[in-house]
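Engineer: If you scroll down you'll find the structure; I have some questions about it.
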Amino acid sequence: MFRATLKSLLARKLRLLLSGLAVVLGVMFVSGAFVLTDTLGRSFDAVFSDAFSDVDVNVAGKPKVALSEVEGEQVAAPVPASVVDRVKAVPGVADVQGVVNTDGARLIGSNGKVVTSFGPPQLGENWLGESDLVKLREGRAPQADDEIVVNVALAEAAKVKVGDRVGVLTLAPKKEFTLVGVFGYSGGRDSVGGVNEVAFTTPVAQQLMLGKPGVFSNVTAQAAGGTTPEALRDQVARSLGADYEVKTGKQLADDASAGLKEGLSFFNKILLGFAAVALLVGTFLILNTFSIIVAQRTRELALMRAIGASGRQVIGSVVLEAVAVGLIASVLGLAAGIGVGALLAYLFGKLAGGLTLAGLGVPPAAVIGAFAVGTVITVVAALLPALRASRIPPIAAMQDVATPDRPLTKVTVGGSVVTAIGAGLLFLGLGGHAGDNTLATILGGVLFAFIGVALLTPLISRPVVALLGTIFAWSVPGKLGRLNSGRNPRRTAITAAALMVGIALVTGVTVILDSAKGSISALAEDTIKAELVISGAQAGPRPPSFDPAVLEKAAAIPGVRLVDGEYGDMATLNGERTWVAASSDVAALEKIFGAKATAGDISRLNPDQMLLSSDTAKSRNLAVGSTVNVQLSRGEARTYTVSGIYESSQLTNPVVLPPQAATDFAIPQPIQGFVQLAPGTSVAAVQPQVERLLADSPEVSVADRAAFIKQQTSQLDTPLRMIQILLALAIVIAVLGIINTLALSVLERTRELGLLRAIGLRRAQTMRMITVEAVVISIFGALLGVVVGTGLGAAVVRALKDEGITDLVLPWGQMVTFLVLAAIIGVVAAVLPAIRAARINVLGAIAHD
Amino acid sequence: MIVTATVGQQAQAAARASDVWKVYGSGEAQVIALRGVSAEFERGRFTAIMGPSGSGKSTLMHCLAGLDSVTRGTVMIGDTTVTGLGDAGLTKLRRDKVGFIFQQFNLLPTLTAQENILLPLSIAGRKPDPAWYDTVIDTVGLRERLGHRPAQLSGGQQQRVACARALVARPEVIFADEPTGNLDSRSGAEVLNFLRNSVREHGQTIVMVTHDPTAAAYADRVVFLADGEIVSELIEPTADTVLDTMKKLDAPAEVGN
Ligand SMILES: Nc1ncnc2c1ncn2[C@@H]1O[C@H](COP(=O)(O)OP(=O)(O)O)[C@@H](O)[C@H]1O
Ligand SMILES: [Mg+2]
């Protein structure tokens, strides 16, 4: 039996390879994800342990508002200069530095634009002189208040050189400096992990980066000989008390590395998500391939039964084949995954500005994951066909086996049940009834829905394929192709279902994002009563901001009626974290954003008063007159009295503080500005004047309202594109499936094709026949995908109604594109099988047994 | 003894083989399936090719019909020289001049009987002659079954559909390879009667390969093949005369001289 299995495996290697390719791709993503995270993780470790190599002990203030990575940049409380002396006095300390070192120093390049960074911070710091790590490459240290040095990578990105006058944005608006030197790091590196650094003299750094003189972000100390960093840390901590966080350099390195790894694990999850999609589609493919192989081997398997093989042996032979395919696919997938992981790590290193990569590593998880996933998926997919094979009666060897049209009742009932379960899970998940397991419930619902619909597909395929086919029935080959696509509903269905998954996901995501865009623009269109808007596109974690002086100057332009600058910060209200805003002109709330008061007065605000949205007031149990303790990113906590409550809407903030509060925000500058014009004023006349005011705020620009809305919603385009590109992979796998099914069908119908050729079907007609079959199958799959995707998307949109996605926007253009694309996919997929069919030797086919 | 079949006049030949050799493989594995076969098949007659299994009957038929290439010699269908035609030429030949009936798997399972019958015409983009179509359908006696698919027809009915398909295009010649090989004697007789009638009443030319003397007896003429050579022939055969000839051929002493 084993030898027979091996022989039949070798005889069909191409076919199995084709279906195995889907598993290879899935495994590739799984192992690639692990290899990437492992390699980058170790690279980060190396970078940070190096960066903090000359720090034995570090003293930092506790953050006023503790934030997680995703909530924004956490601002540590500054350390007073007196701490430097207190640390110096601790026994065992050899040397102490007061360090200014925080994110938010944006250099303006020679092209007038701010040098941006995707991820790594843009540090502003005080120049502490050269060390083992830091070396001046050119020029000298900053000595005057208007002198800076920057690291080589930043100077190159900004295209500035020593001697240039350059602008820098900090907590303060743009200031000009002379670049007096550039520095690099040990080992000839131009940056550490892609971080951009601007170094000022200490007083300037304190003022611009921390907002006041005489404070540091942290204090570092080196231990004297004989004292370990840990011992010194404990000593320093004891003498400073509980107000400060004292850590060793190693702890700092670990923390910094852990922060980045958290971001990586997100990346890892995305890759694993795509692996799951590839494997789901691959499962369909393998199921189909093995079904067809079993059908084709009916006589052979029956003969085996006739000469004494047991049903179990037949199952064993099919499963054995699956194990072999799974193992081979896993090995190939693992190899490809290591390649992809290495490539992504390399690209990531480049993007992060020259991250030095640690050696490529293949963690055990990658190997175990590859083999487990690859083999298990293949065997599971082959199980059903194996069972079917075991039920072939020995008599089939003697009979002329017409594949009986098995009734679809069981599949249909099963499909309905599975679809219902999927729908139920989706309802639970989207309705917010699943608690902490919401995401898992929704994903489970989507998975069940896909499998359920796939099971229902054979039933649907009959009428739909017949209908689709009539489009092509005008020629004889077309008609034959249509009939062929309808002759085995299960096979057609699974092939089409594989295509459905990819297209449904893309359609669903597009429906959701388009609806979000549509809803936001409709709302903004209706409510924002500002003709001009000042804003910028956010690149990286920090929103762009501009000089508050612009607001006053803009208000003075003739024809301008109202100007509002919006500030924002993460703060704690009575100990609970929330987003707070401040408006330079509170009146804008009513006049520009159309807010309606539900209690109190929302048109004005004293420095000790605050406004709340109705939702916030309700959830926090606050009313007009309540007092609230507010801690902002900087400064001391303060108490505000609620003076008004407005109706919550998509465009209103949960909390509005008086403009004076903005000085204690992490970013004490406005991040958006709204300009309302007096009736009859020409927008085109005012816009250039505001534009001129923004000359020193290169992160933002002024746009009319329509352009602003478009810019806001276009932020959703990037994730949409990325998802579309990655899901295209699922579609590629499905194309492999169509090729596979067709190739197998052509093989199966060799005799029939020979007959057709014998009675006069030309080669070109034969090819057309196969092509029509492929096109009908793929359009059917795309149609299913579009319908299922729209359904899923619409369900999510409905569930997000309370989040402000009120309009369901269906991407008709995209849907038509998918159908056209499907037709093209069909034609492409048919090429090889069609050539093969056309080349069939007529005589050989007729004599074929 | 080499007997060259020379019945009929050249002008009337629907198909003709001249000194046809067919060699399969080479060296050790070489098989000479046809050794210089020359034969003519008259228009409007029903010819059977008989011979023991492996004698080259099918090979001869395939060569005549342009399904297989000859190693040496020439084959003509009507006034077309088949030898040397490319795929396009052969396809055209099959469309316009040749009909086929195979032993089994004659029909497309996805099409109804009627669609199967009309398939060669629709492939060629021709319309059937309605009167002729009716005649064919009535002669095969399948009018009630036209909407059925092959799976719903008996073996004999399927073969009759195959016959009708071959006939409806009125080809120069119909080649049938053991058309009754898979049928019981009653269904076989039906099919054979039908073939004979189409020759007698409608002047169709048929060349049928068979190893069954009873089937051969339906033909106007029987050509005997042994070891790739034509060794004998009978005009107006009966089952008995065919059987006699076969027996003689089986006895090696009487053959070969
Ligand atoms: N494709 C082939 N390759 C090699 N030998 C063949 C092939 N087809 C037929 N033969 C041989 O040619 C001879 C004649 O075969 P065939 O015409 O099929 O005989 P018949 O139809 O009379 O039984 C046989 O010896 C057979 O083995
Ligand atoms: Mg034969």
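The values are calculated or read from the model by the stated rules, or taken from the named source; none is laboratory data. Quantities reported herein were computed from a predicted structural model and do not represent experimental measurements. Cβ coordinates were reconstructed from backbone atoms using ideal geometry, including for glycine residues, and neighbour counts include every protein chain displayed. To get the accessible areas, we keep the full protein, side chains included, count just its heavy atoms, and leave off ligands, DNA and RNA. Shrake-Rupley method; radii C 1.70, N 1.55, O 1.52, S 1.80 Å.
Engineer: For peptide B:122-128, compute the average count of partner chain beta-carbon atoms within 10 Å of each residue's beta-carbon. Each step should come with its number before you reach the end.
Structural biologist: Numbers: counts 5, 11, 5, 2, 0, 0, 0.
Shielding by partners across B:122-128 averages 3.
Engineer: Quick check: from the Cα gyration tensor, does segment A:190-245 come out rounded (a/c under 1.5), prolate or oblate? Kindly include the intermediate steps, with their values, before the conclusion.
Structural biologist: Numbers: a/c = 2.65, a/b = 1.49, b/c = 1.78.
Here segment A:190-245 falls in the oblate category.
Engineer: Also: Take each of the peptides A:667-675, A:381-389, average the number of other beta-carbon atoms within 10 Å over its residues, and list them starting from the highest. List each step's numbers first, then the result.
Structural biologist: Values: A:667-675: 24.1, A:381-389: 21.1.
Result, highest mean first: A:667-675, A:381-389.
Engineer: Pick out, in residue order, every one of the chymotrypsin sites (Phe, Trp or Tyr not before Pro) in segment A:453-561 that is DSSP loop and has at most 11 other C-beta atoms within 10 Å; say none if there are none.
Structural biologist: On the way: sites: A:Phe472, A:Trp474, A:Phe546; in loops: A:Phe472, A:Trp474, A:Phe546.
Loop-located and lightly packed - A:Trp474.
Engineer: I'd like the Karplus ³J(HN,Hα) series for segment A:628-640: coefficients 6.51, -1.76, 1.60, θ = phi - 60°, whole numbers in Hz, and an x wherever there's a Gly or Pro.
Structural biologist: With the stated coefficients, segment A:628-640 comes to 10, 8, 10, 10, 8, 4, 10, x, 8, 5, 9, 9, 10 Hz.
Engineer: Counting helices only, and only those DSSP H runs with n ≥ 4, report the 222 nm mean residue ellipticity of chain A as the sum of -39,500 (n - 2.57) divided by its residues, in deg cm²/dmol to the nearest 500. If you can, show how the numbers build up before the last one.
Structural biologist: Working: 24 runs with 459 residues, N = 849.
About -18500 deg cm²/dmol.
Engineer: Would you please classify the overall shape of segment A:510-562 from the alpha carbon gyration tensor, given that a ≥ b ≥ c denote the square roots of the eigenvalues, rounded means a/c under 1.5, and beyond that prolate means a/b larger than b/c while oblate covers the rest? All intermediate terms of the calculation are to be shown ahead of the outcome.
Structural biologist: On the way: a/c = 4.98, a/b = 1.53, b/c = 3.26.
Judged from the Cα gyration tensor, segment A:510-562 comes out oblate (a/c at least 1.5, b/c at or above a/b).
Engineer: Provide the descending list of Cα extents for segment A:537-699 along its principal axes, expressed in whole angstroms.
Structural biologist: Computed over segment A:537-699, the largest-to-smallest principal extents equal 47, 34, 25 Å.
Engineer: Can you give me the % of accessible surface on segment A:537-699 that is carbon or sulfur? Probe 1.4 Å, all protein chains present, nothing else counted. Don't skip to the answer; put the middle values down first.
Structural biologist: Values: 3300 of 6940 Å².
About 48 percent, which is the carbon plus sulfur part of the accessible surface.
Engineer: A further question follows. Name the long-range amide H neighbours of B:Ser232: under 5 Å, sequence gap of 5 or more, or other chain; modelled H, no Pro or chain starts.
Structural biologist: For B:Ser232, the qualifying residues are B:Phe224.
Engineer: What's the longest piece of chain A with no exposed GluC sites (Glu not before Pro), counting a site as exposed if DSSP puts it in a loop and it has at most 12 other beta carbons within 10 Å? Numbers along the way, then the final one.
Structural biologist: Values: sites that count: A:Glu130, A:Glu636.
The answer is A:131-635.
Engineer: What are the lysines whose alpha-carbon lies under 21 Å from the alpha-carbon of A:Lys269, with same-chain residues fewer than 8 places away excluded?
Structural biologist: A:Lys261
Engineer: Could you work out, residue by residue across A:750-758, how many beta carbons of other chains sit within 10 Å of that residue's beta carbon, and then give the average as an integer?
Structural biologist: Rounded to a whole number, the mean comes out at 5.
Engineer: State, in square angstrom and to the nearest 100, the accessible area buried between chains A and B, both chains counted, probe radius 1.4 Å. Kindly include the intermediate steps, with their values, before the conclusion.
Structural biologist: Details: alone 37220 and 12020 Å², together 47030 Å².
Looking at A and B, the buried total is near 2200 Å².
Engineer: Once label points are set 7 Å from the Cα along Cα→Cβ at both B:Asp134 and A:Ala231, what is their separation, rounded to one decimal in nm?
Structural biologist: Modelled inter-label distance: 11.8 nm.
Engineer: Compute the label zone of A:Gln650 within segment A:806-821: residues whose backbone N is under 19 Å from the point 7 Å along Cα-to-Cβ.
Structural biologist: A:806-812
Engineer: So, one more: Need one number: nm distance between label points at A:Trp579 and A:Tyr346, each 7 Å from Cα along Cα→Cβ, rounded to one decimal.
Structural biologist: For the pair A:Trp579/A:Tyr346, the computed spacing is 4.0 nm.
Engineer: Could I ask something else about it? Can you name the helices of chain A, as whole DSSP H runs, whose Cα span along the helix axis is 18 Å or more and whose Kyte-Doolittle mean is not below 1.0? Show your work: numbers first, answer last.
Structural biologist: Details: long enough: A:13-51 (53 Å, 1.19); A:249-296 (67 Å, 1.03); A:311-351 (57 Å, 1.64); A:364-390 (37 Å, 1.77); A:409-430 (31 Å, 1.55); A:438-470 (44 Å, 1.84); A:489-527 (53 Å, 0.88); A:717-748 (45 Å, 1.76); A:763-799 (54 Å, 1.36); A:812-838 (37 Å, 1.90).
Taking the DSSP H segments of chain A (at least 18 Å long, mean hydropathy at least 1.0), we get A:13-51, A:249-296, A:311-351, A:364-390, A:409-430, A:438-470, A:717-748, A:763-799, A:812-838.
Engineer: With r defined as the distance between the Cβ atoms of A:Leu272 and B:Asp184 and R0 fixed at 45 Å, what FRET efficiency is calculated, to the nearest 0.05?
Structural biologist: In this case the efficiency is close to 0.10.
Engineer: How far, in degrees from 0 to 90, does helix B:87-96 lean away from the longest principal axis of the Cα atoms of chain B, to the nearest 10?
Structural biologist: For helix B:87-96, the angle is close to 60 degrees.
Engineer: Relative to the present Cα-Cα distance, how much length would full extension add between A:Asp54 and A:Asp807 at 0.36 nm per residue of separation?
Structural biologist: Details: separation 753, 0.36 × 753 = 271.08 nm, distance 5.68 nm.
My answer for the length gained is 265.4 nm.
Engineer: Roughly how many Å² is the accessible area per residue of chain A, as a whole number, for a 1.4 Å probe?
Structural biologist: Values: 36080 Å² over 849 residues.
With the other protein chains kept in place, chain A gives 43 Å² per residue.
Engineer: Distance cut-off 18 Å, Cα to Cα: go down the list B:Lys97/B:Lys127; A:Lys517/A:Lys801; A:Lys529/A:Lys801; A:Lys62/A:Lys174; A:Lys135/A:Lys174; A:Lys135/A:Lys350 and report the pairs above it. Before the final figure, lay out the partial values.
Structural biologist: On the way: B:Lys97/B:Lys127 16 Å; A:Lys517/A:Lys801 13 Å; A:Lys529/A:Lys801 24 Å; A:Lys62/A:Lys174 29 Å; A:Lys135/A:Lys174 27 Å; A:Lys135/A:Lys350 22 Å.
Too far apart for the 18 Å limit: A:Lys529/A:Lys801; A:Lys62/A:Lys174; A:Lys135/A:Lys174; A:Lys135/A:Lys350.
Engineer: Just order B:22-29, A:809-816, B:83-90, A:763-770 by mean Cβ neighbour count inside 10 Å, highest at the front, would you?
Structural biologist: On the way: B:22-29: 10.5, A:809-816: 15.6, B:83-90: 13.8, A:763-770: 21.5.
Peptide ranking by packing, descending: A:763-770, A:809-816, B:83-90, B:22-29.
Engineer: Scaled to the compact-protein estimate 2.2 N^0.38 Å, what is the alpha-carbon radius of gyration of segment A:56-242, rounded to two decimal places? Could you put the intermediate results ahead of the total?
Structural biologist: On the way: Rg = 17.0 Å, N = 187, 2.2 N^0.38 = 16.1 Å.
Rg over 2.2 N^0.38 Å, computed on Cα atoms: 1.06.
Engineer: Using Cα positions and a limit of under 24 Å, work out the lysines in reach of B:Lys247, with same-chain residues fewer than 8 apart set aside.
Structural biologist: B:Lys57
Engineer: Say R0 is 51 Å: what FRET efficiency, to the nearest 0.05, do A:Lys62 and A:Lys161 get from their beta-carbon distance?
Structural biologist: Numbers: r = 41 Å, r/R0 = 0.80.
After rounding, the FRET efficiency stands at 0.80.
Engineer: Once you have the Cα-Cα distance between A:Leu467 and A:Ala81, take 0.36 nm times their residue separation minus that, and quote the gain in nm to one decimal. Present the calculation step by step, with values, prior to reporting the outcome.
Structural biologist: Details: separation 386, 0.36 × 386 = 138.96 nm, distance 8.08 nm.
Going from the current span to full extension adds 130.9 nm.
Engineer: For helix B:185-202, what angle does its Cα long axis make with the longest principal axis of chain B, in degrees from 0 to 90 and rounded to 10?
Structural biologist: 90 degrees
Engineer: For chain B, with a Gaussian network of springs between Cα atoms less than 10 Å apart, report the residue from B:Glu190, B:Glu178, B:Glu42 with the top mean-square fluctuation.
Structural biologist: Evaluated over chain B, the most mobile residue of the options is B:Glu190.
Engineer: Also, I was wondering about something else. Using amide H atoms built 1.01 Å from N in the peptide plane, name the residues 5+ places from B:Leu34, or on other chains, whose amide H lies under 5 Å from its own.
Structural biologist: For B:Leu34, whose amide H was placed from the backbone, the distant partners under 5 Å are B:Lys22.
Engineer: Continuing with the same structure: Report, to two decimal places, the Cα Rg of segment B:117-176 normalised by 2.2 N^0.38 Å (N = number of residues). Walk me through the numbers on the way to the answer.
Structural biologist: Details: Rg = 11.3 Å, N = 60, 2.2 N^0.38 = 10.4 Å.
That ratio works out to 1.08.
Engineer: Let me ask something else. Note the full-extension length gain between A:Leu136 and A:Leu800 as 0.36 nm times their separation in residues minus their Cα-Cα distance, in nm to one decimal. Before the final figure, lay out each step's value.
Structural biologist: Numbers: separation 664, 0.36 × 664 = 239.04 nm, distance 5.42 nm.
Residue separation times 0.36 nm, minus the Cα-Cα distance, leaves 233.6 nm.
Engineer: While we're on this one: Take the alpha-carbon positions of chain A, form their convex hull, and give its projected area averaged over all directions (one quarter of the hull surface) in nm². Don't jump to the answer; show the numbers that get you there.
Structural biologist: Numbers: hull surface 173.7 nm².
Mean projected area for chain A: 43.4 nm², to one decimal.
Engineer: Using a Förster distance of 35 Å, how high is the FRET efficiency between B:Arg149 and A:Val828, based on the Cβ-Cβ distance and rounded to 0.05? Display every interim value, and only then the final one.
Structural biologist: Numbers: r = 32 Å, r/R0 = 0.92.
The computed FRET efficiency comes out at 0.65.
Engineer: Continuing with the same structure: Divide the volume of the convex hull of the Cα atoms of chain B by its number of residues and quote the answer in cubic angstrom per residue. Walk me through the numbers on the way to the answer.
Structural biologist: On the way: hull volume 34.4 nm³, N = 257.
Taking only Cα atoms, chain B has a hull volume of 134 Å³ per residue.
Engineer: Next question. Would you mind telling me which residue in B:Leu234, B:Leu119, B:Leu153 has the biggest mean-square fluctuation in a Gaussian network model of chain B, where springs connect alpha carbons within a distance under 10 angstrom?
Structural biologist: Maximum fluctuation in the GNM of chain B, among the listed residues, is at B:Leu153.
Engineer: Also: Pop a pseudo-label 7 angstrom from the Cα along the beta-carbon direction at both A:Arg604 and B:Asn197 and give the gap in nm to one decimal.
Structural biologist: About 11.1 nm separates the two model spin labels.
Engineer: Could you state the angle between the C-alpha long axis of helix B:130-140 and the longest principal axis of the C-alpha atoms of chain B, as a value from 0 to 90 degrees rounded to the nearest 10?
Structural biologist: Roughly 70 degrees between the two axes.
Engineer: Quick one: which residues, 5 or more positions from A:Phe216 or on another chain, have an amide H under 5 Å from its amide H? H modelled 1.01 Å from N in the peptide plane, none for Pro or chain starts.
Structural biologist: Distant-sequence amide H within range of A:Phe216: A:Val79, A:Ala81.
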